[in-house]
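The next block holds one structure in the form of structure tokens; read it before the comments.
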Amino acid sequence: MPMESQESTGVDLTERIEGLLGYEVDWDKTKAILVFLLPGLTLFGLFSFGPMLYSVVGSFFAFDGFDVAGFVGLQNWEETLTDPLIINWDNLLAFEFPMGALPQNILWMILHVPASTLLGLGLALLFADLKGKRILRTLVFLGFTTPTVVIGLVLLFVYDPQAGIFNGFLRVIGMEGMVRDWLSRPQIAIYALVAGGVWVQTGFSMLLYSSALASIDPALLESARIDGAGPFKRFKDIIWPLVKPVTAVVVIMGMIWVLRIFAIVYAAGGPSGGPNHVYSVLGLEVFNSAFQVPVEYGKAMVVALIELIIALPLAAYIARME
Amino acid sequence: MAMTGISLQNVSKHFDAGETVANHQVNLEVEDGEFLVLLGPSGSGKTTTLRLIAGLETPTEGDIYFGDRRVNDDSPSDRNVAMVFQNYALYPHMSVKGNIAYPLKVRDVTPEEREDRIREATELLHIDDLLEKKPAELSGGQRQRVSLARAIVRKPSVFLLDEPLSNLDAKLRLEMRSELKRLQSELGITAVYVTHNQEEAMSMGDRIAVMNEGTIRQVAEPEELYRRPKTTWVARFIGSPPMNLLQGTRRNGAVELASGGSVSTDADGASGDVSLGVRPEDFTVSTEPPSGYSIQGTVDTVEPLGEYTIVNVSVEGRIVKAKEPTTTVERGDDVYLLFDDSDVYLYDDRGELLS
Amino acid sequence: MEEERTLDAPPETAPQTDLDLWTKIRYALPTLPRAARYAIAIGLAVLWVVPFIGLLMASFRPLSEIIHGWWHLEGMTLTLENYWAALDFSTAPMSRTLINTAIVTVPSVMVVMLLGAMVAYPFARFDFPLKKTLFFILIIVMAAPPELVAMGNYNTLRETGLFDTYLGLILVHVGWGIGWVVLFLRNFLLGLPDELEEAARIDGASRYQIFRTIVLPFSAPALVSVAVIQFTWVWNAFFFPMVFMRSSELYLAPQVLPMMKGRLQIDWGLVAAGSILTMAVPVLLFIVLQRYYTRGMVAAVAD
């Protein structure tokens, strides 16, 4: 193709686009924006958004191993929601473990999020005006930077009937009768693990609350003190209203964290999530369905989508904050 | 050095898809080597005009010429303009030297020439001892000088300044005012200077373009702007305290003031509502009934300001200001405000100057 | 200067009244309720790290002693045996898995920083079609669980031959991390003054020069935060390596730790030494660059 004609079609095209849009386009700027966006968004599309859409669509298809075999409508959804590994209705109504990964995951959230939030706020307040608060905070936060798989192993170690310090502590305070292998008792294991999760996440919420507390103008607290407000009133009338917005963030991040729990449970209880799946969570069931024999890709996608459905309101809330 | 006149022809700028009109039909000629000041209150569109000249905005309508060249579609760097920002816009991560070298670096000037030109610019502005410092370590005045050095180092054909002195304290502002003026005339460069400070405009500008509501109200030399404000708006904007405007009716070659008395004018016999403008400094306050033109009132307050005194006189419920070197009148005195008919400005009911 | 001071100028230090030693000490000590708060605070902080102290102790002691409680200190034997065993672990030696983890982590961090900053810049500065939609998609992915993308990526990597390779895992990490990095850097770049870019444009810089010489250096503190946080996340990641790394010579360190548990009696010494080796890198990085880590964490989620 001769150069001129290429040139002229190029001009033609840009003019035609401008005609369609109804305004002049700054082509230099457009090109620059594309150069900046394309590499990153391509990888994002290929390895994040694309696979996400694949899961959404794939949940309505039957799979032969890892390959799509045919449209089956809601069959995967029906099968998954009646699968006792996901929801065990009988046990759920009797409140007996295993209740299935979905109720167990939600139970974890209900216990974990308020506990870690309140503990974090408490520690942030406790440390706020002490000397050496940085060291104290670092100690509490350490668990959050540790690989979660290590956290799971540490919990296994802490709750060990022989070598675990938790049982050792019970012996020292004379509660010999309570000594047991906490993580293999079906009806209590999940609570022991939730406590471990709270142990880790408290550092995170403490960090956020600490920075919110640090940004409070001390003159406000001093003037409240001069006005005769006691510590409780000062907290209720000044500190709490100012750190309240952070609470929303702490709660949302806590929920996302619980939703993503995988390594802790895997390390403590293997791919089944404890004996007979008693503390299995959704992430673990995705892994089992997709990458353990027998492969059930459709089911894995449905379970992952259940997680997404729980996460969507959180995403909407974050988007509204922006 | 290439010198350039700037011409704006019917330039309009709309924002938000026409919701906001920042500039409306601006026409402006800036001559080669001229120091032109855009003066106006905030929101009058003067900064938008400057940004249109810089190429940071493209006009919605109209044309901009640098010399004979239409530059509407040229990028800021193609226009070879330099700009000094209100907050200086120094690159915080570069040293003073890095900042000044930056425009040369991106234009691929050789390192040797760069050194020469940086030395020249920094010596001219007396900042050759600050080269290795970071902007954060400098005082306001020093930052100002660095941003000026960065602007002149690459020998631009047009020099644009957006309220460059407004972040400095009063003393430094006076100092930099004369320094800027010296720099501009030494370099002989065309400069457009935006300010809301009329004193700055009067003292620096070769000509001043007064802007309001997105358009230019008057372009004139400082003296003429003060002597012959073309509209009541300009008249009240220039001068401190502003010009007094008295309502009246024109009839048979004379103006009858609402507050009593009349002034004869040499204008033709047209009639209608008019405003009579007298500058406070053109009044003389007297307790004796005068022979010439005067208006009568009661002293409301006296503000002695050292250099001069402002006498606020209540005339028919409205305050008229007079500026006197000294005065003996006190609150409550009945006084006459004398003026010469040659000091009177007459504006029609649309606010346009009549004579 | 001294002579110039007038007589009524205030003294430079408060007048020293003569206090006896005990009074001085009493003033220096915190009041009783405050001392109690210190005791509680230190007690809680120590309680929080007890499990890690146990892990550290166990990593240096023989199994026979750990079994009876690492907190029993009498007759303690210190040994590096557990570390040697972990570094030589038969399924996948830690000496290898730690290097594998670094091979995956370092490029994942570098690429995500560069590409993330490039995407964040237009998001912070320009308007373009679909900007709002793209933005919301980024947020959804930030809130979504990683399991959601595992199936699609598994098939993609298998089809392209990148399954069970360093590159495959790196690409997954980059694609997954770019969402939060873009959101984080966009928030930071919203604070970049317009005038700096305008000054650079007038100085003659192209948009790419502006990005390289103004935007990137300006973002340096935020980029360090991104680097530290992304490094710990990728290094600590467990799920992605479990899914995408199947050859034992490519195993990553976190992936191998559960395998060290063994079948019957858990060899706590081995598990502890492996855990300490794995967590040492992110924990040290956190301690050294704590300022950037915490600032980034707070900014990433609180803004």
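The values are calculated or read from the model by the stated rules, or taken from the named source; none is laboratory data. Everything numeric here is computed off the predicted structure, so don't read it as measured data. Reconstructed Cβ throughout: ideal geometry from the backbone, glycine too, with neighbour counts over all protein chains shown. Remember, those area values only see protein heavy atoms, side chains included, never the ligands or the DNA or RNA. Shrake-Rupley method; radii C 1.70, N 1.55, O 1.52, S 1.80 Å.
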> Do any helices (runs of 4 or more DSSP H) entirely within the range A:76-185 hold 2 or more residues that are in contact (Cβ under 8 Å) with a residue 12 or more places away in the chain and assigned by TED's automatic domain parsing to the domain that holds residue A:212, and if so, which?
Replying inline: A:101-127, A:133-145, A:148-158, A:165-172
>> Restricting to the range C:49-92, and then to whatever is more than 12 Å from residue A:163 (Cα to Cα) and hydroxyl-bearing (Ser, Thr, Tyr), can you tell me which residue is surrounded by the most Cβ atoms within 10 Å (Cβ to Cβ)?
In response: C:59
> Would it be correct to say that residue B:87 is in contact with an Asp or Glu (Cβ under 9 Å, 6 or more places away or on another chain) and over 25 Å from residue B:31 (Cβ atoms)?
Replying inline: yes
>> Which of the helices (runs of 4 or more DSSP H) found entirely inside the range C:195-278 contain at least 1 residues meeting this: at the interface with chain B (Cβ under 10 Å from one of its Cβ atoms)?
In response: C:207-210, C:220-236
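Okay, residues lined up against (1) β-branched (Val, Ile, Thr); (2) more than 21 Å from residue A:203 (Cα to Cα); (3) in contact with a helix residue (DSSP H, G or I) (Cβ under 8 Å, 6 or more places away or on another chain); (4) within 11 Å of another protein chain (Cβ to nearest Cβ):
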site: A:93; (1), (2), (3), (4): no, yes, no, no
site: A:110; (1), (2), (3), (4): yes, no, no, no
site: A:138; (1), (2), (3), (4): yes, no, yes, yes
site: A:153; (1), (2), (3), (4): no, no, yes, yes
site: A:158; (1), (2), (3), (4): yes, no, yes, yes
> Pairs under 7 Å by beta carbon, first residue more than 7 Å from chain C (Cβ to nearest Cβ) in the range A:32-45, partner assigned to a helix (DSSP H, G or I), six or more apart or different chains?
Replying inline: none
> Considering A:311, A:304, A:290, which residue is farther than 22 Å from residue A:146 by Cα, at the interface with another protein chain (Cβ under 8 Å from one of its Cβ atoms) and more than 18 Å from the chain's Cα centre (by Cα)?
Replying inline: A:290
>> Return the residues of the range A:182-213 that are aromatic (Phe, Trp, Tyr) and farther than 21 Å from residue C:297 by Cα; say none if nothing qualifies.
In response: A:182, A:191
> If you go through the range B:31-48 one residue at a time, how many are β-branched (Val, Ile, Thr), open to solvent by less than 10 Å² (accessible area, probe 1.4 Å) and modelled with pLDDT under 95?
Replying inline: 0
> Given the structure, is residue B:302 of a type in the set (A, V, I, L, M), part of a strand (DSSP E or B) and within 32 Å of the chain's Cα centre (by Cα)?
Replying inline: yes
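Listed here are the residues, each with its yes/no results for (1) open to solvent by less than 10 Å² (accessible area, probe 1.4 Å); (2) touching a residue at least 40 places away in the same chain (Cβ under 8 Å).
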{"site": "C:177", "(1), (2)": "yes, yes"}
{"site": "C:190", "(1), (2)": "no, yes"}
{"site": "C:194", "(1), (2)": "no, no"}
{"site": "C:201", "(1), (2)": "no, no"}
{"site": "C:209", "(1), (2)": "no, no"}
{"site": "C:212", "(1), (2)": "no, no"}
{"site": "C:230", "(1), (2)": "yes, yes"}
> Looking at the range A:234-276, which of the residues that are more than 10 Å from every other protein chain (Cβ to nearest Cβ) and among the aromatic types (Phe, Trp, Tyr) is surrounded by the most Cβ atoms within 10 Å (Cβ to Cβ)?
Replying inline: A:257
> Within the range A:180-206, can you find the residues that are open to solvent by 20 Å² or more (accessible area, probe 1.4 Å), within 12 Å of chain C (Cβ to nearest Cβ) and not aromatic (Phe, Trp, Tyr)?
Replying inline: A:181, A:195
> Listed residues B:314, B:291; which is closer than 17 Å to residue B:245 by Cβ and not in a helix (DSSP H, G or I)?
Replying inline: B:314
>> Within the range C:47-163, considering only helices (runs of 4 or more DSSP H) that don't extend past its boundaries, which have at least 1 residues that are under 30 Å from residue A:68 (Cα atoms) and modelled with pLDDT of 95 or more?
In response: C:147-160
> Out of all the residues in the range B:297-323, which are modelled with pLDDT of 90 or more and open to solvent by less than 20 Å² (accessible area, probe 1.4 Å)?
Replying inline: B:299, B:309, B:310, B:311, B:312, B:313, B:320, B:322
> In the range B:80-113, how many residues are of a type outside the set (Ser, Thr, Tyr) and over 20 Å from residue B:141 (Cα atoms)?
Replying inline: 12
>> Anything in the range A:265-314 that is among the small types (Gly, Ala, Ser) and within 13 Å of residue C:150 (Cα to Cα)? List them, or say none.
In response: A:283, A:289, A:290, A:298, A:300, A:304
> Within the range C:110-147, can you find the residues that are open to solvent by less than 10 Å² (accessible area, probe 1.4 Å) and either more than 8 Å from every other protein chain (Cβ to nearest Cβ) or among the aromatic types (Phe, Trp, Tyr) (or both)?
Replying inline: C:112, C:117, C:120, C:121, C:123
>> Just the residues that are assigned to a helix (DSSP H, G or I), over 25 Å from residue A:144 (Cβ atoms) and free of Cβ contacts under 8 Å to residues at least 12 places away in the same chain, please, taken from the range A:186-236.
In response: A:218, A:219, A:222, A:223, A:225, A:226, A:231, A:232, A:233, A:236
> Looking at the range C:157-170, is at least one residue in contact with a Gly (Cβ under 8 Å, 6 or more places away or on another chain), under 30 Å from residue A:21 (Cβ atoms) and assigned by TED's automatic domain parsing to the domain that holds residue C:251?
Replying inline: no
> How many residues, within the range B:1-36, are farther than 19 Å from residue B:220 by Cβ and either hydrophobic (A, V, I, L, M, F, W, C) or in a loop (DSSP other than H, G, I, E, B) (or both)?
Replying inline: 12
> Among B:107, B:173, B:154, which is the only one that is open to solvent by 60 Å² or more (accessible area, probe 1.4 Å) and within 12 Å of chain C (Cβ to nearest Cβ)?
Replying inline: B:107
> Under 7 Å by Cβ, and 6 or more places apart or on different chains, what pairs join a residue from the range B:19-33 that is within 11 Å of residue B:61 (Cα to Cα) with one that is surrounded by fewer than 15 Cβ atoms within 10 Å (Cβ to Cβ)?
Replying inline: B:25/B:10
> Scanning for something open to solvent by 60 Å² or more (accessible area, probe 1.4 Å), in the same structural domain as residue C:275 (by TED's automatic domain parsing) and of a type in the set (A, V, I, L, M), does the range C:93-101 turn up at least one residue?
Replying inline: yes
>> Suppose the filter is outside any helix (DSSP H, G or I) and among the aliphatic types (A, V, I, L, M); does residue A:261 pass it?
In response: yes
> Name the residues in the range C:37-48 that are more than 7 Å from every other protein chain (Cβ to nearest Cβ) and either over 29 Å from the mean Cα position of the chain (by Cα) or open to solvent by less than 30 Å² (accessible area, probe 1.4 Å) (or both), would you?
Replying inline: C:39
